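To keep things clear, I will list the structure first and then write my remarks on it.
Every read-out reported here was derived from the displayed coordinates using simple, explicitly stated rules and does not represent laboratory data. It should be emphasised that the depicted structure is a prediction, and the values quoted were computed from it without experimental measurement. A quick note on method: Cβ atoms are made from the backbone with ideal geometry, for glycine too, and the neighbour counts reach across all protein chains shown.
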């Protein structure tokens with residue numbers, strides 16, 4: 001285990017009928033707030049009403065900033081920052097999934113500075129302050145509700161960049177599993193794929209050979225993500241399964257899984273971000289294509305950890321590490337197929353001829369994230385196995 | 001999964017060479033601090049020097065309050081409160097294990113009120129404010145470094161009572177595994193027993209039948225506690241094993257294991273507290289006596305969860321739940337024996353004739369903790385199986 005600092009200041013309110021707390025919880029930070037949300041699905045169920053009723057009851061003045069897209073874009077973040085500054089809002093309320101929360105985080109940070117918000121993502125400026133942020137989560141996927149990460153796409157340069165800072169952790173996040181009952185099957189599955197990707201990025205890229213406590217925690221989360229997603233797809237309003245999936249998504253990326261692992265990389269996300277940036281595919285759908293390819297490439301060089309994964313998560317009974325590793329990857333790939341998440345570029349309508357362009361795009365993020373071992377040839381060779 | 005609120009504000013600094021941060025971290029809260037520690041073992045290794053050097057370098061004035069005993073006593077807490085008030089300290093620094101940190105928490109809360117501190121433990125008063133608290137942990141056991149619980153023994157009434165409050169969570173805790181290298185074998189084992197007891201109290205007393213995410217997390221922690229303790233006893237300065245054991249101890253009782261379980265009880269601790277209060281036995285040594293007895297009693301009525309535990313933690317291959325449950329309890333009991341922790345009252349020099357007195361003492365805590373199903377007869381019948 002490596003040294004670490006762990007600070008989880010986000011207060012979590014989890015469970016049924018908790019959304020009504022958003023008003024009082026937010027009122028602790030100010031009187032005027034920016035309400036950030038997406039394309040309006042929260043108006044089709046009752047979540048928008050629950051949130052605005054609670055904010056109004058708490059005496060808050062609300063300025064709305066709707067229209068966050070999946071793969072949230074920089075121009076929309078800039079509009080939100082302008083709005084926040086114009087109205088002098090004292091806090092931001094995000095109602096949505098990771099895209100909405102990430103957009104809200106970028107607004108929270110951007111509202112405190114005079115320079116362009118994209119400089120945070122290029123690593124040219126560091127976040128030193130932010131507006132307080134409260135969240136109501138509506139999708140089990142990104143884990144943004146309890147961490148300091150944010151991912152934004154610059155639609156001009158076609159770059160999807162992520163960055164993180166301790167300060168960006170939300171002050172309060174409300175996790176009501178019933179808010180995810182109406183998430184469609186495909187996005188439920190993409191969310192579960194994202195959760196598993198977060199865990200496996202850590203699990204397979206740690207440079208520390210001995211992290212048994214974290215390993216078992218992560219293996220348990222993968223098993224539960226797989227099982228709860230399967231239950232949810234069979235019965236979308238299964239409260240217990242929605243709750244399990246939601247809590248797995250938060251635990252997967254709130255700092256606990258990575259604490260003690262030392263330097264970890266996010267190579268599967270690095271490659272997927274280029275698929276999303278260039279072809280606007282759903283993040284989870286891109287990940288289920290990239291993951292088996294990356295895992296096979298990595299397992300060829302270092303099969304032991306992949307074998308452990310196969311044995312503990314999929315009960316693979318195979319003594320040979322390389323064979324066990326590959327069987328585990330096959331199990332996971334089959335599960336992606338079972339839940340309807342694509343496993344080839346073809347299914348994403350991305351031609352094989354696009355691979356060099358994707359690899360070149362990915363390299364920009366590889367440099368910022370310091371994933372030094374990845375050059376365009378390696379990225380292209382990984383992608384060629386999933387075309 | 002049940003509704004829950006989870007707030008983990010304690011900042012954790014984990015790893016080698018982290019103790020030197022205690023000065024700067026504490027200086028954020030004030031200039032004059034009370035330093036609470038135990039019987040002086042921290043002077044035999046270098047921890048006392050590391051802490052006082054760091055506090056002095058950060059410009060802090062230090063008032064010392066040494067002498068905390070294992071099973072910390074109320075009179076010593078009262079002395080600490082008097083000292084804190086007299087000197088007007090602005091923060092408390094605890095250097096030790098759970099006993100020291102619990103004593104420090106009671107001082108932090110008691111220093112803010114005019115009434116006697118014991119009223120918090122009797123449930124007559126609630127904690128509304130406390131002095132800031134920073135900790136340097138020297139024993140993997142209690143988990144007090146990241147939670148809001150505290151346990152104190154009233155040596156006049158012979159009651160060992162525990163209470164908890166969100167506010168009592170330390171602001172900062174420093175966990176350096178090297179600080180535990182010199183913990184003797186028996187106290188290392190008692191600590192590991194305590195960690196497992198914390199996990200199993202939750203695991204076996206939850207009223208929610210479906211908590212698969214939490215279950216796998218807890219099963220992983222038990223496996224790692226068992227394995228790392230075994231390694232540490234074979235080689236006391238095995239850094240990785242000490243680190244694993246230390247991190248398990250914190251994770252076992254920081255709120256994560258219990259989040260979502262609903263109402264849980266602490267019946268094994270309830271009974272053990274009477275052994276400690278009446279016979280001053282080490283807490284972990286008392287627990288390894290009580291646990292197999294309580295588990296067998298409980299498993300007889302509800303074997304399913306015990307069977308799951310046996311299968312997943314000890315790889316018991318037995319289809320019948322009752323038989324599997326008993327085999328799991330036998331495995332755990334044997335492990336207690338292996339690491340030198342007692343499993344009978346006789347080993348603690350407690351005669352069978354004392355059982356009625358112990359049961360009567362335990363009843364006082366059963367009432368405060370609202371463990372309604374436990375009357376003196378049931379407690380006595382459980383204890384009779386471990387005499």
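At-a-glance table
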{"item": "Cβ-derived FRET efficiency at R0 60 Å, residue A:297 paired with residue A:75, nearest 0.05", "result": "0.95"}
{"item": "Ordering of B:87-97, B:69-79, A:49-59 by burial proxy (mean other Cβ atoms within 10 Å per residue, highest first)", "result": "B:87-97, B:69-79, A:49-59"}
{"item": "Cα coordinate range in the range B:81-139, projected on the principal axes (Å, largest first)", "result": "32, 26, 16"}
{"item": "For B:172-184, mean number of other protein chain Cβ atoms within 10 Å", "result": "1"}
{"item": "Computed lengthening from residue B:43 to residue B:334, 0.36 nm per intervening residue step minus Cα-Cα distance", "result": "101.2 nm"}
{"item": "The protein assembly as shown: translational diffusion in µm²/s, Stokes-Einstein, Kirkwood Rh over Cα pairs, 4 °C, 1.567 mPa s", "result": "47"}
{"item": "Cβ-Cβ FRET estimate between residue B:125 and residue B:363, R0 fixed at 22 Å, reported to 0.05", "result": "0.45"}
{"item": "Test item: A:241-253 mean partner chain Cβ contacts at 10 Å", "result": "3"}
{"item": "Exam field: residue B:69 pseudo-label spacings to other copies (7 Å along Cα-Cβ), nanometres", "result": "7.1"}
{"item": "Per the axis that maps chain B onto chain A, nearest residue of B (Cβ criterion) and its distance in Å", "result": "B:8, 2"}
{"item": "Globularity index of the range B:186-384, i.e. its alpha-carbon radius of gyration over 2.2 N^0.38 Å", "result": "0.98"}
{"item": "Percentage, to the nearest whole number, of Cα pairs in the range B:21-70 over 11 Å apart", "result": "67"}
{"item": "Compactness of the range A:257-306, expressed as Rg and Dmax over alpha-carbon positions, Å", "result": "12.6, 36"}
{"item": "Estimated inter-spin distance, residue A:181 and residue A:370, nm [label 7 Å along Cα→Cβ]", "result": "4.7"}
{"item": "Unit Cα scatterers, Debye sum, the range A:11-179: log10 I(q)/I(0) for q = 0.10 Å⁻¹", "result": "-0.31"}
{"item": "By average C-beta atoms within 10 angstrom, highest first, the peptides A:339-345, B:208-214, A:32-38", "result": "A:32-38, A:339-345, B:208-214"}
{"item": "Ordering of A:133-141, B:255-263 by packing [mean C-beta count within 10 Å, highest first]", "result": "A:133-141, B:255-263"}
{"item": "Cα-Cα P(r), chain B, percent of pairs per 20 Å interval", "result": "29, 60, 11, 0"}
{"item": "Alpha-carbon Debye profile of the range B:278-373, log10 I(q)/I(0) at 0.11, 0.14 Å⁻¹", "result": "-0.39, -0.62"}
{"item": "Approximate spin-label separation residue A:7-residue A:230, in nm, with each point projected 7 Å along Cα-to-Cβ", "result": "4.1"}
{"item": "Cα centroid separation - the range A:274-353 against the range B:232-293, whole Å", "result": "39"}
{"item": "Potential extension, residue A:82-residue A:165 segment - 0.36 nm per residue separation minus Cα distance", "result": "27.7 nm"}
{"item": "Helical contribution to [θ] at 222 nm, DSSP H n ≥ 4, -39,500 (n - 2.57), averaged over the protein assembly as shown, rounded to 500", "result": "-16000 deg cm²/dmol"}
{"item": "10 Å Cβ neighbours from other chains, averaged over peptide B:215-224", "result": "5"}
{"item": "Simple label model, 7 Å out from Cα along Cβ direction - residue B:116 to residue B:31, nm", "result": "3.6"}
{"item": "Translational D in µm²/s for the range A:294-340 (Stokes-Einstein at 10 °C, 1.306 mPa s, Kirkwood Rh from C-alpha pairs)", "result": "154"}
{"item": "Theoretical FRET efficiency, 1/(1+(r/R0)^6), r = Cβ-Cβ of residue A:155 and residue B:263, R0 56 Å, to 0.05", "result": "0.65"}
